[in-house]
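Down below is the structure, laid out as structure tokens.
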There are 2 protein chains.
Amino acid sequence: MTLLARAALCAALLMSWSGAALAQALPSWNDGPAKTAIETFVKKVSDPASPDFVRPEERIAVFDNDGTLWVEQPMYTQLAFALERVKALAPQHPEWRQNPVLKAAIDGDMKTLAAAGEKGIIELVMVTHAGSTPADFHKIVASWLDEARHPRFKRKYTELVYQPMLELLAYLRDNGFTTYIVSGGGIEFMRPWADKVYGVPPAQVVGSSIKTRFDMVDGKPTLVREPSMNFIDDGPGKPVGINQHIGQRPIAAFGNSDGDLQMLQWTTAGEGPRFGLIVHHTDAEREYAYDRQSSVGRLDKALDLAAGQGWTVVDMKKDWKTIFAPAK
Amino acid sequence: MTLLARAALCAALLMSWSGAALAQALPSWNDGPAKTAIETFVKKVSDPASPDFVRPEERIAVFDNDGTLWVEQPMYTQLAFALERVKALAPQHPEWRQNPVLKAAIDGDMKTLAAAGEKGIIELVMVTHAGSTPADFHKIVASWLDEARHPRFKRKYTELVYQPMLELLAYLRDNGFTTYIVSGGGIEFMRPWADKVYGVPPAQVVGSSIKTRFDMVDGKPTLVREPSMNFIDDGPGKPVGINQHIGQRPIAAFGNSDGDLQMLQWTTAGEGPRFGLIVHHTDAEREYAYDRQSSVGRLDKALDLAAGQGWTVVDMKKDWKTIFAPAK
């Protein structure tokens with residue numbers, strides 16, 4: 001066989017293999033408009049012969065986390081963590097009882113805490129997430145996630161990630177995309193496990209943060225987490241966080257709530273091919289059904305705008321064969 | 001030839017090629033302790049058989065920019081840019097003349113400006129870097145860098161990058177490192193050209209920043225740069241910026257001034273093999289000679305600490321065969 005013939009055979013073999021691989025890329029997605037929209041977009045931006053071809057360096061996809069990649073009902077996982085932390089740390093912080101929000105959290109008075117709204121939650125998160133180094137905080141988070149179980153599904157939170165979305169992350173990366181998480185949740189709450197669970201390394205996690213300061217502690221250079229807000233990566237903060245961390249406008253954005261609206265708008269308003277997708281929670285049986293009236297993950301404005309903006313809306317009940325990743 | 005024989009031959013060919021490539025990896029470095037220290041470190045962390053092997057995901061190297069990767073004398077390039085911008089924009093901002101620092105900058109009164117110190121420079125940078133979108137600001141920077149020439153070398157600033165450091169960046173990447181810039185300079189001042197010049201993409205550039213806000217402008221989702229400081233990525237800010245953007249402690253840090261001290265300390269205080277390097281500007285003939293007395297890029301404390309900390313100090317005059325990258 002000549003070298004050219006060998007090369008041609010090789011190419012044919014590789015192409016048929018890659019075709020088979022592609023056909024199986026999203027096995028947990030039912031055939032339908034959502035799956036077709038994803039595949040059509042990915043093919044047109046990654047095929048060098050396509051007029052919509054996008055260089056791999058520009059193939060950036062951003063994903064919300066809570067409600068987009070993992071379960072967020074009946075409360076944000078990070079809030080469940082903060083509620084346990086506040087009780088565990090309360091004995092060392094008698095002054096917390098002077099603060100009505102923290103007192104309510106310590107006493108498990110969810111009504112008062114709910115009434116304090118987002119401001120109350122931020123306060124709770126700040127004090128319970130501060131005081132350690134980032135490395136020690138990672139250990140605290142990892143160890144809590146190892147122990148904690150979801151109240152309804154009785155499984156680890158890191159197992160309550162959506163299998164179709166894991167496949168989507170892998171499918172995008174297989175096609176030359178770089179995948180980022182851009183979440184309202186804490187950046188240091190996600191980093192300890194995002195690589196293992198989602199294949200997203202620490203530098204590709206963008207999130208909310210409290211302030212960190214550098215200090216020499218007992219002659220050792222140390223970073224210390226402080227009980228003061230640094231950045232809120234939610235709503236209009238998401239495009240700002242993306243710009244700060246990634247420095248490029250993504251070409252695809254994936255979210256599930258109004259907190260993702262500006263990220264979807266900013267991503268899809270760029271020139272060239274763009275893709276926006278909203279996960280609509282429609283499956284009360286296998287997961288949860290909620291949108292406009294939910295205090296967690298409210299989806300209202302973004303749902304109204306989706307059709308006009310050409311964003312794909314995933315109907316969880318219809319579009320997903322399975323919801324959660326199989327138990328390991 | 002059997003398959004095994006073919007594989008063995010292939011391996012031998014590849015190894016001899018890679019050996020040759022390694023031997024030539026740092027051609028602009030003279031043989032000496034600095035070059036040896038770099039090569040020894042890189043080999044021991046990248047050889048899977050070494051007891052000091054570090055997984056590629058952890059092979060993170062951080063580089064200061066001004067004075068470490070490109071020339072910073074007689075003034076920071078970004079300051080030269082800001083001084084031209086303030087004059088160009090002054091007619092649209094008559095209020096600037098009420099501010100003594102800005103008035104001095106507009107009038108070219110360098111004595112008053114110098115007396116205003118770092119605070120004055122930050123003020124100047126904030127107002128001259130604000131008011132545009134990040135994308136428009138990138139165009140302004142790129143176009144200025146295309147026109148501007150260094151007062152002594154009469155070359156573009158982006159040509160006044162150190163050839164030995166370009167080789168070092170490439171050598172680290174060839175050995176599985178991810179290379180980041182961590183600079184006191186503006187993140188959006190570096191991103192427009194860092195990929196082309198250094199091979200460092202936008203998401204791997206960490207720097208100082210002004211605030212950015214999301215807004216709908218004429219119905220278009222827009223990011224707007226504001227004349228207010230967001231983050232100063234210098235001195236104790238560098239480990240904080242690294243933690244925020246990278247989320248991991250680097251194993252190697254490269255700097256040239258006391259502004260890099262805490263980055264060097266924090267990087268090299270980690271467990272396992274670590275590497276710190278300081279570029280000492282000792283070559284008045286080919287570049288500049290300065291350290292403890294310089295107002296730009298002062299190197300004093302870090303130089304005192306280097307030996308005790310095991311940091312490599314590059315003597316530019318002795319260690320570098322050539323200084324600048326060849327003209328293109």
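Each value in this text was obtained by applying a stated rule to the coordinates, not by laboratory testing. Since we're looking at a predicted model, the values are computed, not measured. FYI the Cβ positions are ideal-geometry reconstructions off the backbone, even for glycines, and counts take in every protein chain you see.
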Pulled fully out, how much extra length does the chain show between A:E84 and A:F53, if you take 0.36 nm times their separation in residues and subtract their Cα-Cα distance? 6.3 nm
Dipole magnitude of segment A:60-104 about its Cα centre (Cβ charges: Lys, Arg +1; Asp, Glu -1), debye to nearest 20: 320
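I need B:S228, B:S294 ordered by Cβ neighbour count within 10 Å, fewest first.
Numbers: B:S228 12, B:S294 17.
By the 10 Å Cβ count, ascending, the order reads B:S228, B:S294.
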For segment B:213-228, in order, what is each residue's ³J(HN,Hα) by Karplus, 6.51 cos²θ - 1.76 cosθ + 1.60 with θ = phi - 60°, in whole Hz (x at glycine and Pro)? 10, 8, 8, 8, 10, 6, x, 10, x, 9, 9, 10, 7, 10, x, 8
For chain B, with a Gaussian network of springs between Cα atoms less than 10 Å apart, report the residue from B:P192, B:P239, B:P74 with the top mean-square fluctuation. B:P74
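Let me know the whole percent of all Cα-Cα pairs from segment B:134-212 that are separated by more than 15 Å. The partial results should precede the final answer.
Working: 1897 of 3081 pairs.
So the pairs more than 15 Å apart make up 62 percent of the total in segment B:134-212.
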Can you list residues from other chains, or at least 5 along the same chain, whose modelled amide H is less than 5 Å from the amide H of B:V182? B:F63, B:D64, B:N65, B:V206
Take every Cα-Cα distance within segment B:77-147, group them into 10 Å bins from 0 onward, and report for each bin the whole-number percent of pairs it holds. 20, 54, 24, 1
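Using the beta-carbon distance between A:E118 and A:A170 and R0 = 25 Å, what value does 1/(1 + (r/R0)^6) give for FRET efficiency, to the nearest 0.05? Walk me through the numbers on the way to the answer.
Details: r = 33 Å, r/R0 = 1.34.
Result of the calculation: an efficiency of 0.15.
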Ascending count of other beta-carbon atoms within 10 Å, so fewest first, for A:T40, B:T312: A:T40, B:T312
Within a Gaussian network of chain A (alpha carbon springs, distance under 10 Å), most fluctuating of A:G219, A:G207, A:G176: A:G219
Given 25 °C, 0.890 mPa s and a Kirkwood radius over Cα pairs, the Stokes-Einstein diffusion coefficient of chain A in µm²/s is 115
Which value in deg cm²/dmol, rounded to the nearest 500, describes the helix-derived mean residue ellipticity at 222 nm for the protein assembly as shown, given -39,500 (n - 2.57) per DSSP H run of n ≥ 4 and division by the residue count? -13000 deg cm²/dmol
If amide hydrogens are placed 1.01 Å from N in the peptide plane, which non-local residues have theirs closer than 5 Å to the one on B:S294? B:L299
Cross-link partners among aspartates and glutamates for A:K154, C-alpha distance below 20 Å, same-chain residues fewer than 8 apart left out? A:D66, A:E72, A:E84, A:D146, A:D283, A:E285, A:E287
Set the bar at 29 Å for Cα to Cα. Now go through A:K119/A:K196; A:K35/A:K196; A:K139/B:K119; B:K44/B:K318; B:K43/B:K321; B:K139/B:K301 and name every pair that lies beyond it. A:K119/A:K196; A:K139/B:K119; B:K139/B:K301
How large is ³J(HN,Hα) for each residue in segment B:74-79, as worked out from phi by the Karplus curve 6.51 cos²θ - 1.76 cosθ + 1.60 (θ = phi - 60°), to whole Hz, x for Gly and Pro? x, 8, 3, 4, 5, 6
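Partner chain Cβ atoms within 10 Å, averaged over the residues of A:215-223 - can you pull that number for me?
Rounded to a whole number, the mean comes out at 4.
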Using a Förster distance of 30 Å, how high is the FRET efficiency between B:D109 and B:V224, based on the Cβ-Cβ distance and rounded to 0.05? 0.50
In whole Hz, with x marking every Gly and Pro, tabulate ³J(HN,Hα) for segment B:93-108 from phi via Karplus 6.51 cos²θ - 1.76 cosθ + 1.60, θ = phi - 60°. 10, x, 5, 4, 5, 6, 9, x, 5, 5, 4, 4, 5, 4, 7, x
Hey, can you grab everything whose amide H is under 5 Å from the amide H of B:W320? Only 5+ residues off in sequence or another chain; H modelled, so Pro and N-termini drop out. B:N30
Most fluctuating residue given options A:W311, A:W193, A:W96, as computed from a GNM of chain A linking Cα atoms under 10 Å: A:W96
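Given that compact globular proteins tend to follow 2.2 N^0.38 Å, what is the ratio of the alpha-carbon Rg of the protein assembly as shown to that value?
Details: Rg = 26.6 Å, N = 656, 2.2 N^0.38 = 25.9 Å.
For the protein assembly as shown, the normalised Cα radius of gyration comes out at 1.03.
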